[in-house]
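The values are calculated or read from the model by the stated rules, or taken from the named source; none is laboratory data. Since this is a predicted model, take the numbers as computed values, not measurements. Positions of Cβ are generated from backbone atoms using ideal geometry, with glycine treated the same way; all protein chains shown enter the neighbour counts. These accessible areas exclude ligands, DNA and RNA; they are computed on the full protein's heavy atoms, side chains included. Shrake-Rupley method; radii C 1.70, N 1.55, O 1.52, S 1.80 Å.
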Amino acid sequence: MAMSEAEKVSTGNSGLRRALRWLATHKGITIGGGFIGIIVLMAIFAPLITSADPYSQDLLSTMLEPSWEHPFGTDDNGRDIFARVLYGARISLLEVILSVGLAIMVGVPLGIVSGMTGRYVDQAIMWCMDILFAFPGIVLAILIVSVLGTSLVNLLIAIAIFSVPVYARLSRNLTLGLKAMDYVEAAISLGVSRHRIMTHYILRNAIGPIIVQSTLTAGTVILSAASLSFLGLGAQPPLPEWGAMMSDGRNYLGLNIYMSLFPGLAIMVTVLGFNILGDGLRDLLDPRK
């Protein structure tokens, strides 16, 4: 029997109340997801939010303070800082997606293979990861960018390389724990192929912690990319990358603090959002809770 209009409205309201109750219970996901959602919407709808061109120069309107026409002011080349911050969100999100995605694609399979095979393969893979761990991440990234050359693509490759050991060790530890579970041992005794065990039994059950780690790594990626761009080893002018914008503004702090202030605030809000979201997802996916 079809529901009446009143029943449909009641069911809809009940679902909305449950959703709001769930969001109120998981404050980390709500707050962190809200921050990241705002950044994503700003990046997607940047052309609708502002009509200013982030690359257009106006040498007659340099170093202006915030106003209705230029909400964040202008930089030393007369470019609108608000537009550059908005379009810079696209670059930062692209850095996160590509760097974290590449690190997961390389690190997770290595960790699962290491945990499943054991012995010499396990030792060889973990030794390679230990070598990468021996270098501080930012120092290793500087070394790689110095060898490959300064560009945004090489910056993303460098960040992905020093993030690989994190996912390799995490997935290896998860694999060692899951391999001892009864359902995995039963699958092995039934002759299930190793490839199917790794993909259907190990990876599926390890995906939760990997997602949590990816949100936490995202904040590190943004900070590392901004740091390298600040040093001139990442995105090159005139790209509106937040770290590069802060680097441009450091020479004018006494005249116009806004050139560095607003990109720095954007970095802070984005990193904070990813960290809060990661903590919320960790609490949500924790089997002990």
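Of the numbered conditions (1) in contact (Cβ under 8 Å) with a residue 24 or more places away in the chain; (2) under 30 Å from residue 198 (Cα atoms); (3) among the hydrophobic types (A, V, I, L, M, F, W, C), residue 131 satisfies every one except a single condition; which is it?
(1)
Can you confirm whether residue 280 is in contact with a Lys or Arg (Cβ under 8 Å, 6 or more places away or on another chain) and either farther than 17 Å from residue 82 by Cα or open to solvent by 30 Å² or more (accessible area, probe 1.4 Å) (or both)?
Here the answer is yes, as residue 280 does meet what is asked.
Determine if segment 171-192 includes at least one residue that is within 18 Å of residue 138 (Cβ to Cβ), touching a Phe, Trp or Tyr at 6+ places or on another chain (Cβ under 8 Å), in a helix (DSSP H, G or I) and open to solvent by less than 40 Å² (accessible area, probe 1.4 Å).
no
Kindly indicate the residue of segment 28-79 that is in contact (Cβ under 8 Å) with a residue 60 or more places away in the chain and on the phi > 0 side of the Ramachandran plot and also nearest to the chain's Cα centre (by Cα) among those meeting that condition.
73
Would you be able to tell me the number of residues in segment 117-157 that are open to solvent by less than 40 Å² (accessible area, probe 1.4 Å) and part of a loop (DSSP other than H, G, I, E, B)?
Result for segment 117-157: 3.
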